[in-house]
Ligand SMILES: C[S@@+](CC[C@H](N)C(=O)[O-])C[C@H]1O[C@@H](n2cnc3c(N)ncnc32)[C@H](O)[C@@H]1O
């Protein structure tokens, strides 16, 4: 496909996404209906779509939509202008290219510098004060990072490998990576990211795909050999496996939606880690450490899941905060006296983080805060928060 044909495809996909469909599903359906498109075409179209979703307000502005809801076409015109490319070079009479710009579309939009802050930072206006509350002076710099593509990070499985060995193995498959200061197990991929899932290092469980911030959370947990640990919101098991690699644990994984845990068994066997999957009724009365990596707004990870940025509402945020408090209540009795309750989100909002912990501590005299930490996108990975609390012995 030509670059212009890829733009046409991205416009088609974006119009479906803007109408409310899920971006991943739209891209998968597009690929099914266009079998002639190769992997490079699909990757380029995907990048166009996700870049435009990250930068929806600024690209819309540059595409002539002002502050109104943009079309896919306006987003792609804006994307080209943001890169300093004249849209006329790709919106042209070539076969499969998007049709040429109209006279109205060709009128240069007002400079982005003069646009409202939420447009410049690609952030819904109502979320700006929420970010400001937790990030303060760093808000604008952090939001600028959330509108860029995230880096690809690997976690070296220290149960199986050293960083040096993992780097050698990756290099054999043409993948280059460098250690990252956020976590001693983290590698940032600098070349060949798309080849990771086919690499020997990945297939033999030497590395896993995991954000560096997520790894930093596990570094902050007081894990020791012999501990019994419950991962109460295990999902696909990213944090479970990272905990299991840290220490020889008796590791139980649980999720209210068991279907979400279907990949844990094969991932665990690849990583050489034993886990037991448990329904609620099968859980032990108590554990040395219980982690709840709760559902959240994802406001620290909008660069990875940009649709969430535009779909979030105050009502949904309130429902999430209520669910987080409920989960904390559910897990508190499962922490043995003297044991640790760990709470984590990929959010940057106080109501889901420090506010949630303060509320829990006010309701539970038996718990005291050991530490809490907000991990900023300025540290290089996604934004996260975690807290550890000790139950009185
Ligand atoms: C942020 S995700 C977990 C991600 C996972 N820990 C990882 O690192 O890959 C939150 C998970 O919480 C689960 N969940 C939601 N409500 C729950 C509840 N009441 N009890 C247990 N799990 C719940 C969701 O199904 C979802 O898989």
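Among the listed residues 182, 154, 209, which satisfies the condition of being within 16 Å of the ligand (Cβ to nearest atom), surrounded by fewer than 17 Cβ atoms within 10 Å (Cβ to Cβ) and on the phi < 0 side of the Ramachandran plot?
Going through 182, 154, 209 in turn, just one is within 16 Å of the ligand (Cβ to nearest atom), surrounded by fewer than 17 Cβ atoms within 10 Å (Cβ to Cβ) and on the phi < 0 side of the Ramachandran plot: 209.
Out of everything in the range 37-58 that is modelled with pLDDT under 95 and not in a helix (DSSP H, G or I), what residue ends up being nearest to residue 97 (Cα to Cα)?
Only one residue tops the list, namely 37.
Looking at 238, 244 in this structure, which one is within 11 Å of the ligand (Cβ to nearest atom) and either modelled with pLDDT of 95 or more or touching a helix residue (DSSP H, G or I) at 6+ places or on another chain (Cβ under 9 Å) (or both)?
None of the others qualify; the one that does is 238.
Go through the range 253-276 residue by residue and tally those that are crowded, with 20+ Cβ neighbours inside 10 Å, more than 13 Å from the ligand (Cβ to nearest atom) and assigned to a helix (DSSP H, G or I).
Matching residues across the range 253-276 total 1.
Would you say residue 198 is closer than 26 Å to residue 175 by Cβ and out of contact with any helix residue (DSSP H, G or I) (no Cβ under 9 Å at 6 or more places or on another chain)?
Spelling it out, residue 198 is indeed closer than 26 Å to residue 175 by Cβ and out of contact with any helix residue (DSSP H, G or I) (no Cβ under 9 Å at 6 or more places or on another chain).
Would you confirm whether any residue within the range 298-311 is touching a helix residue (DSSP H, G or I) at 6+ places or on another chain (Cβ under 9 Å), over 25 Å from residue 197 (Cα atoms), within 14 Å of the ligand (Cβ to nearest atom) and not assigned by TED's automatic domain parsing to the domain that holds residue 24?
yes
Which of the residues that make up the range 1-36 are surrounded by fewer than 18 Cβ atoms within 10 Å (Cβ to Cβ) and outside any helix (DSSP H, G or I)?
Selection gives 2, 19, 20, 21, 22, 34, 35, 36.
Conditions tested, residue by residue: (1) within 11 Å of the ligand (Cβ to nearest atom); (2) within 22 Å of residue 265 (Cα to Cα); (3) touching a residue at least 60 places away in the same chain (Cβ under 8 Å); (4) surrounded by fewer than 24 Cβ atoms within 10 Å (Cβ to Cβ).
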residue	(1), (2), (3), (4)
199	no, yes, no, yes
203	no, yes, yes, yes
221	no, no, yes, yes
224	no, no, no, yes
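Residues are listed down the side, and each one gets a yes or a no for (1) in the same structural domain as residue 316 (by TED's automatic domain parsing); (2) within 16 Å of the ligand (Cβ to nearest atom); (3) modelled with pLDDT under 95; (4) more than 25 Å from the chain's Cα centre (by Cα):
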| residue | (1), (2), (3), (4) |
| --- | --- |
| 337 | yes, no, no, yes |
| 347 | yes, yes, no, no |
| 351 | yes, no, no, no |
| 362 | yes, no, no, yes |
| 369 | yes, no, no, yes |
| 372 | yes, no, no, no |
| 376 | yes, no, no, no |
| 381 | yes, yes, no, no |
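Return a yes/no flag: does the range 158-176 have any residue that is outside the structural domain of residue 50 (by TED's automatic domain parsing) and closer than 15 Å to residue 211 by Cα.
no
Only one of 290, 229 is away from the ligand (no atom under 12 Å from the Cβ), closer than 25 Å to residue 392 by Cβ and buried (at least 16 other Cβ atoms within 10 Å of the Cβ); which?
Exactly one of 290, 229 is away from the ligand (no atom under 12 Å from the Cβ), closer than 25 Å to residue 392 by Cβ and buried (at least 16 other Cβ atoms within 10 Å of the Cβ), namely 229.
When you go through 257, 231, 288, 293 one by one, which is the residue that is free of Cβ contacts under 8 Å to residues at least 12 places away in the same chain and assigned by TED's automatic domain parsing to the domain that holds residue 381?
257
The values are calculated or read from the model by the stated rules, or taken from the named source; none is laboratory data. As the structure is a computational prediction, the values presented were derived from the model and not from experiment. Note: ideal-geometry Cβ built from the backbone for every residue, glycine included; neighbour counts use all protein chains shown.
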